[in-house]
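Here is the structure we will look at.
Readers should treat all values here as calculations from the given coordinates under stated rules, not as data from a laboratory. Here the structure is a predicted model, which means the values were calculated and not measured. Because the Cβ atoms are built from the backbone with ideal geometry, glycine has one as well, and the counts that use them run over all protein chains shown.
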Amino acid sequence: MSNIEPTATVRTAISNETQPNTTHQEGELNKSAVREVYRRLAPLYDATFGILVSRYRGHVRPLVQSTDAHDVLEVGVGTGMSLHHYPKGTRVTGLDMCPEMLGKAQSRVDKGLDAEVELHLGDGERLDFPDHSFDLVVMMFVVSVTPDPVALLDEVARVLRPGGRVLIINHFAGVTGIGWAERLLVPLADRIGFRSRLPISTIISHHRFVPETVKPLWPIGFFNLITLQPRK
Ligand SMILES: C[S@@+](CC[C@H](N)C(=O)[O-])C[C@H]1O[C@@H](n2cnc3c(N)ncnc32)[C@H](O)[C@@H]1O
């Protein structure tokens, strides 16, 4: 598991997080809180949230095939529950900032997969890859977990090749009938590692991308599937 040692970037990021954050607002996340939530959740993840959202990860394979993507970056790969969806011939870089989640993903890689997979411990908001490295970037259930989704998309835009795609599956604010629950969870963001009221406009209006698909998913549109193309 040599690739999942903390990189210099991550070590710097971790030490910066120890500085007091005087501008922290209710409902915002910080990286050490997110890492702590997923450190505790890692042993239970697959049997809880992980399995509940299994069906949605099936969207990966048709997109890889229809776009002929070869080099794929999955940010927030977690325990690697998506990895068996990547077809043979795909080279997948799975990145996560929580070593315990990544340890579970490594067990999946060790058991053997169709795609060639490398795992990296790192921060999606400060990617350690050169510009234009990937044909496709996948982020499932991650943009409302990362503290700064705009910074994450800035980095994704940098490492994506011209003509590439981004696939996002996520919950966004404003699902009919559950606004009260979304509001209830706002103050708990740091404790549950999830921002319940992220506006979809944060993603689809990002200046480096043009939205290609925005589709509420079965059954109630609690999750949306979004594909983005880099703006020319
Ligand atoms: C809800 S889990 C989703 C895991 C996986 N995508 C899945 O489908 O099960 C969110 C994951 O994103 C990771 N994460 C959140 N922000 C991140 C960031 N900025 N860089 C890398 N990983 C991040 C967390 O550590 C966690 O493993």
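With unit charges on the beta carbon (Lys/Arg positive, Asp/Glu negative), name the residue among 95, 229, 130 whose Cα is farthest towards the positive pole of the charge dipole of the stretch 77-232.
Farthest towards the positive pole: 229.
Which ³J(HN,Hα) values, rounded to whole Hz and listed in residue order, are derived for the stretch 195-209 from phi using the Karplus coefficients 6.51, -1.76 and 1.60 in 6.51 cos²θ - 1.76 cosθ + 1.60 with θ = phi - 60°, glycine and proline given as x?
With the stated coefficients, the stretch 195-209 comes to 9, 7, 10, 6, x, 4, 5, 4, 8, 7, 9, 4, 5, 8, 10 Hz.
Compare the peptides 119-126, 216-223 by average per-residue count of other Cβ atoms within 10 angstrom and give them in order, highest first.
Going by the mean number of other Cβ atoms within 10 Å, highest first, we get 119-126, 216-223.
For the chain, what is the calculated [θ] at 222 nm in deg cm²/dmol (nearest 500), taking -39500 (n - 2.57) for each run of four or more DSSP H residues and dividing by its residue count? If you can, show how the numbers build up before the last one.
Values: 8 runs with 72 residues, N = 232.
Mean residue ellipticity, 222 nm, calculated: -9000 deg cm²/dmol.
In whole percent, what relative contact order does the stretch 81-232 give with Cα contacts below 8 Å and a gap of six or more residues? All intermediate terms of the calculation are to be shown ahead of the outcome.
Working: 254 pairs, mean separation 29.9, N = 152.
In percent, rounded to a whole number, it is 20.
How large is the charge dipole for the chain, taken about the Cα centre, if only the Cβ atoms of Lys, Arg (+1) and Asp, Glu (-1) carry charge, to the nearest 20 debye?
Numbers: 25 positive and 26 negative charges, 112 e Å.
For the chain, the charge dipole is close to 540 debye.
I'm a student and want to see the number: the projected area of the Cα convex hull of the stretch 8-230, averaged over all directions, in nm². Don't skip to the answer; put the middle values down first.
Working: hull surface 47.0 nm².
Result: a mean projected hull area of 11.8 nm².
Using 7 Å Cα-to-Cβ label points, what is the residue 220/residue 176 separation (nm, one decimal)?
If labels sit at residue 220 and residue 176, their model points lie 1.2 nm apart.
Would you mind getting the Kirkwood hydrodynamic radius of the stretch 72-154 from its Cα pairs, rounded to one decimal in Å?
Values: mean 1/r = 0.0778 Å⁻¹.
Hydrodynamic radius (Kirkwood, Cα pairs) of the stretch 72-154 is 12.9 Å.
Tell me the label-point distance for the pair residue 129, residue 201, using the 7 Å Cα-to-Cβ offset, in nm and rounded to one decimal.
Using points 7 Å along Cα→Cβ, the separation is 3.0 nm.
Mind running the shape call on the stretch 146-232? Use the C-alpha gyration tensor, a ≥ b ≥ c as the square roots of the eigenvalues: rounded below 1.5 for a/c, prolate if a/b tops b/c, oblate otherwise.
In terms of gyration-tensor shape, oblate.
Quick check: the distance between the Cα centres of the stretch 184-216 and the stretch 61-97, to the nearest angstrom?
Each part reduced to its Cα centre gives a spacing of 21 Å.
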